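> Input: one structure, supplied below.
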Amino acid sequence: MDHIFFFYFAGVIAVTSLLVVALRNPVYSALALLIMFFHVAGLYVTLHAEFLAAVQIVVYAGAILVLYLFVVMLLNVKAEERYHDQLPVAGLLGVMLCTEVVLLLIQSRTATSVSAAPADPVTAAGNTETIGEVLYSTYLFPFEVASLILLVAMIGAIILAKKDLLEGPSEP
Amino acid sequence: MTIPVQDLLAILPELVVIGTACLILVLDPILAASKKDLLAWLTLAALAICLGLTSSQMTGRQYAFSNLVVIDSYAAFWKLLLYIVTGLTVLLSLAYLKAERLNIGEYYGFILLALAGMMVMVSGADLLTIYLGTELMSLSLYVMAGLKRTEARSLEASAKYFVLGAFSSGILLYGISLLFGLAGSTRLSVIAEAIATQGTGNPILSLALVLLAVGFGFKLAVVPFHMWTPDVYQGAPTSVTAFMAVASKAASFGAFLRVFVEGLGGVSADWSILFTVICLVTLALGNLVAIVQTNIKRMLAYSSIAHAGYALIGVVVAGRQGGGAASTGLASVLLYIAIYSFMTLGAFALVGMLRKEGQESDNIEDYAGLAKREPLAAFFMLVFLVSLAGIPPTAGFIGKFYIFMAAVNGGMAWLAVVAVIFAAISAFYYLRIVMVMYMREPEGAAASHSRLETSPALSFVLACALAGVVLLGLFPNGLWSLATHAAPLLK
């Protein structure tokens, strides 16, 4: 049963991600991305990461995708033909890389030293509580660094978009 | 929730830097436009405090925050270097921002936040911490690269840097996630242990290795991941270019060496082959393409690519040999990057302040006859270029000498020979600028010629860079013993 769900979600993710880059109308691309985000969330549920699944839907499907659509509509982006002549080179390199990755993955299944990552036992308290606890204890330092990253992103966006930077008479 | 006091004490320099950055961001709107210089002095004061704090962390090895952060002599070495180059960049910016009439107090806040990211990078004992430090540094630099908003080139630099940087971060994360799958942890010590117990046969390990190398390759700007470098270095405000070329490269080397030596030391035979190839193409492409550049910022960008190639020789030797040769190899990388920082910062400082008609003059043609107009500036440039070319008695020679000695002692004399050939080629494009400065007569009216816009801050920066280049060239022993003391151990 697990396998069926996994292959369903993984298959849809693979197809829709391809559609995101292959479709020529940006709105269709964005919608394909939306479907992909939902299926990634489904994958998280099969892994018993319910909190992550919820965050995936709230943040990605809810916030980021809406932003994408706003940009597409505000800028009135037309179907973009310019980048499609890269297809032969990009396709060749992509296929080569994919083959290599798949080969390595197959080899690693037969390699003697395969080890599964020791799964951290999720306590009875549940997913969300555990993540919260770990974030504020073990991973406090990276958590705070991440908050600084958000600060930089916020102030940086304001500076680049808003402020009149030049003093004195403005240059042409 | 309580945070142990010794953990907070361990990251006190980081806290000072971040606190000052926040203070600057708050003070900026309050201060009158004429008093913005105060923010620069505040930044320098914070750096001075950190210099003192970090100097006391030169000995011993201390872990903090559940082993996610490590404070040791290696981290302290990079941090001290970063404080010095950041301080010099701040002084340079003081002059440069006025000349460009860019009146932004946040600039200094961003410099400090980028510095905080770099400090987190070099003292990260966990891939997660190192990754987040890299992001903090990069995001600050993306913004700083686009600060000259009236110039399309600056915006292009910012956008290009952002897109490619985001890609490289993604690739880095793929590598990290594969390593997490293998070892069950992102902690470097656990990964090293897992490699030691599981052996190196797993192909996933090679895949993770390649992805990490690509991710760091972007940050180090080595061929074939250098594409962004010339455009970004040319488009960004020159003081920011100097900061990127020096501080971001130093911090990236710091994190890169820590990950590959402490975390992936067990597969050093694999990565040394990979880096041999990267090192050779970097040396070849960086030095050859620099010859045809007509813009001095682009030329210095290719030169910085080539210098990353020289530094990689030390990494290759360390990975190939192990043991005693490894620590000499790694120490020579530390020494090389420290010396590179002074000469590159000096060169960029001059490039930024040589101006004509209120604009930066960054075409090599503009340097014609500089020796007659500005004898002192031409002489400073001469010293920096001679040092970049690696000609004695400057520090650039010492840096190359230690790198090549490490290669010869490590049984890789052929690599040293190849590098010497490319160093000889590099002398051509460095000395071409010297020739233009001293031999060529400028064209056009005298008023349209570039002049150096001097200020006390700029003079101080140039004096420091010159002192670094000359004194380290004559008395390298102090820095060398510091580097050998700080170099990480490859088991």
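Taken together, the values in this text are just the output of simple stated rules run on the coordinates, not laboratory data. Quantities reported herein were computed from a predicted structural model and do not represent experimental measurements. Reconstructed Cβ throughout: ideal geometry from the backbone, glycine too, with neighbour counts over all protein chains shown.
> Taking other Cβ within 10 Å of each residue's Cβ, how do B:2, A:46, B:197, B:282 sort, fewest first? List each step's numbers first, then the result.
Numbers: B:2 5, A:46 15, B:197 11, B:282 28.
Placing the least packed residue first, the sequence is B:2, B:197, A:46, B:282.
> Let me understand the range B:160-311 better: what is its radius of gyration from the alpha carbons, and its Dmax, in angstrom?
Values for the range B:160-311 (Cα only, Rg and Dmax): 16.4, 54 Å.
> Then there is this: What is the mean number of Cβ atoms from other protein chains located within 10 Å of the Cβ atom of each residue in peptide B:9-20, rounded to a whole number?
Working: counts 0, 0, 2, 0, 0, 3, 0, 0, 0, 4, 0, 0.
For peptide B:9-20, the averaged partner shielding equals 1.
> A 28 angstrom limit on the alpha carbon distance is what I want to check against. Which of B:35/B:148; B:35/B:160; B:79/B:356; B:249/B:297; B:297/B:400; A:162/B:160 exceed it?
Working: B:35/B:148 21 Å; B:35/B:160 34 Å; B:79/B:356 36 Å; B:249/B:297 16 Å; B:297/B:400 23 Å; A:162/B:160 20 Å.
Pairs exceeding 28 Å: B:35/B:160; B:79/B:356.
> How many angstrom lie between the Cα centre of the range B:217-240 and the Cα centre of the range B:439-491?
Cα centroid to Cα centroid, the span is 20 Å.
> If each of residue A:129 and residue A:100 carries a label point 7 Å out from its Cα toward its Cβ, how far apart are those two points in nm?
It works out to 4.7 nm between the two label points.
> Using only alpha carbons, build the gyration tensor for the range B:1-97 and give me the equivalent ellipsoid semi-axes, biggest first, whole Å. Please report the intermediate quantities before stating the final value.
On the way: eigenvalues 167, 58, 14 Å².
In descending order the semi-axes read 29, 17, 8 Å.
> Give me a comma-separated list of calculated 3J(HN,Hα) values for the range B:449-461, in order, Karplus coefficients 6.51, -1.76, 1.60 applied at θ = phi - 60°, integers in Hz, x for any Gly or Pro.
8, 6, 10, 8, 8, 8, 7, x, 4, 5, 4, 5, 4
> Can you list residues from other chains, or at least 5 along the same chain, whose modelled amide H is less than 5 Å from the amide H of residue B:391?
Answer set, sorted by chain and number: B:397.
> With θ set to phi - 60°, apply the Karplus curve 6.51 cos²θ - 1.76 cosθ + 1.60 along the range B:433-443 and write out the HN-Hα couplings as whole Hz, x wherever there is a Gly or Pro.
Going residue by residue, I get 5, 4, 4, 4, 5, 9, 9, 8, 8, x, 9 Hz, with x marking Gly and Pro.
> While we're looking at this one, here's another question. Using the 10 angstrom Cβ neighbour count as an exposure proxy, how do B:126, B:7, A:2 rank, fewest first?
Numbers: B:126 26, B:7 17, A:2 8.
Ascending Cβ contact count within 10 Å gives the list A:2, B:7, B:126.
> If you average the C-alpha positions of the range B:24-76 and of the range A:43-62 separately, how far apart do those two centres end up, in angstrom?
38
> Exposure proxy check: A:27, B:17 ranked by fewest other beta carbons within 10 Å? Write down the numbers at each step before the final one.
Working: A:27 14, B:17 29.
Sorted ascending by nearby Cβ count, the order is A:27, B:17.
> While we're on this one: Check which residues have an amide H placed less than 5 Å from residue B:69's amide H, if you skip close sequence neighbours.
B:64, B:125
> May I pose another question? For all pairs of alpha-carbon atoms in the range A:1-78, what percent lies in each bin of width 5 Å, listed from the first bin to the last filled one?
Bin by bin from 0 Å, the calculated values are 3, 17, 22, 22, 17, 10, 6, 2, 1.
> With axes computed from alpha carbons, what is the tilt in degrees of helix B:268-291 against the longest principal axis of chain B, rounded to the nearest 10 within 0 to 90?
Compared with the principal axis, the helix lies near 10 degrees.
> So for the protein assembly as shown, what are the equivalent ellipsoid semi-axes in whole Å, largest first, each being the square root of 5 times an eigenvalue of the Cα gyration tensor?
Values: eigenvalues 320, 182, 136 Å².
Equivalent ellipsoid semi-axes, largest first: 40, 30, 26 Å.
> If amide hydrogens are placed 1.01 Å from N in the peptide plane, which non-local residues have theirs closer than 5 Å to the one on residue B:36?
Sorted by chain and number, the residues that satisfy this come to none at all.
> Once phi is turned into ³J(HN,Hα) by the Karplus curve 6.51 cos²θ - 1.76 cosθ + 1.60 with θ = phi - 60°, what whole-Hz value does each residue of the range B:297-308 show in order, with x for glycine and proline?
With the stated coefficients, the range B:297-308 comes to 5, 5, 4, 5, 5, 5, 5, 5, 4, 4, 5, 4 Hz.
> Sticking with this one: Over chain B, what number does the Rg to Rh ratio reach, with both radii from the alpha-carbon atoms and Rh per Kirkwood?
On the way: Rg = 21.6 Å, Rh = 22.5 Å.
Answer for chain B: 0.96.
> Kindly express, to the nearest 10 degrees and within the range 0 to 90, the angle between helix B:73-100's C-alpha long axis and the longest C-alpha principal axis of chain B.
Tilt relative to chain B: about 20 degrees.
> Across peptide B:130-140, how many C-beta atoms of other chains are within 10 Å of each residue C-beta, on average? Before the final figure, lay out each step's value.
Numbers: counts 1, 2, 8, 4, 0, 6, 7, 2, 2, 7, 6.
Across B:130-140, the average partner-chain Cβ count within 10 Å equals 4.
> Also: Two decimals, Cα atoms only, Kirkwood Rh: what is Rg/Rh over the range B:224-327? Don't jump to the answer; show the numbers that get you there.
Working: Rg = 14.9 Å, Rh = 14.5 Å.
Rg divided by Rh gives 1.03.
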